[in-house]
Amino acid sequence: MDDKALFRLAKDALRNAYAPYSEFSVGAALLTETGEVYTGVNVENSSFGATICAERTAFVKAVSDGHRRFKAIAIASSGGKAWPCGICRQFMYEFGDALTVITGSDENHLEKYDIKELLLEGFRL
Ligand code: THU
């Protein structure tokens, strides 16, 4: 699966975002090492701090199904390119420092970094 195809899946997922408070929809598509894709969306809550981001939703779905190793995650949003927040960077870093993080305003304008570039010296116990 190439970057464009993964980004398209993130964009498709946007329609399921639950973002009535911010009206900022986010979709993520996470590619496992064995080729499966898990999508996720942001799910907001009236107690704002209970909101979960799209990236963590995708990871939680994949990890719950037994996956532990990942190649890439693509992120799309209703506001154009969207780099992951700090909590999501640490959450993703837990599962390895080789993950490629992809975003862009559309599939022809994608940008990417490794998670270790987005989170320098991430925390490990
Ligand atoms: N959001 C994500 O889903 N991922 C991020 O990395 C940053 C922010 C969501 C959370 C909230 O529902 C909305 O975007 C506005 O902050």
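The values are calculated or read from the model by the stated rules, or taken from the named source; none is laboratory data. Because the structure is predicted, anything quoted here is derived from the model rather than measured. A quick note on method: Cβ atoms are made from the backbone with ideal geometry, for glycine too, and the neighbour counts reach across all protein chains shown.
Things to note:
- Residue in segment 73-88 that is farthest from the ligand (Cβ to nearest atom), counting only those that are under 9 Å from the mean Cα position of the chain (by Cα) and either on the phi > 0 side of the Ramachandran plot or part of a strand (DSSP E or B) (or both): 74
- Any hit, segment 29-38, residues being modelled with pLDDT of 95 or more and either part of a helix (DSSP H, G or I) or within 11 Å of the ligand (Cβ to nearest atom) (or both): no
- Single match in 122, 49 (criterion: within 15 Å of the ligand (Cβ to nearest atom), surrounded by fewer than 20 Cβ atoms within 10 Å (Cβ to Cβ) and small (Gly, Ala, Ser)): 49
- Scope segment 104-123; condition within 16 Å of residue 86 (Cβ to Cβ) and either out of contact with any helix residue (DSSP H, G or I) (no Cβ under 8 Å at 6 or more places or on another chain) or charged (D, E, K, R) (or both); matching residues: 113, 116, 117, 120, 121
- Scanning segment 52-72 for residues that are outside any strand (DSSP E or B), under 25 Å from residue 20 (Cβ atoms) and not hydroxyl-bearing (Ser, Thr, Tyr) returns 53, 54, 55, 56, 58, 59, 60, 61.
- Candidate set: segment 14-24, residues that are within 11 Å of the ligand (Cβ to nearest atom) and not hydroxyl-bearing (Ser, Thr, Tyr); chosen: the one surrounded by the most Cβ atoms within 10 Å (Cβ to Cβ): 17
- Checked against (1) within 11 Å of the ligand (Cβ to nearest atom); (2) surrounded by fewer than 23 Cβ atoms within 10 Å (Cβ to Cβ); (3) in contact (Cβ under 8 Å) with a residue 12 or more places away in the chain, residue 58 passes all but condition (2).
- Only a single criterion out of (1) more than 13 Å from the ligand (Cβ to nearest atom); (2) outside any loop (DSSP other than H, G, I, E, B) is not satisfied by residue 10, namely (1).
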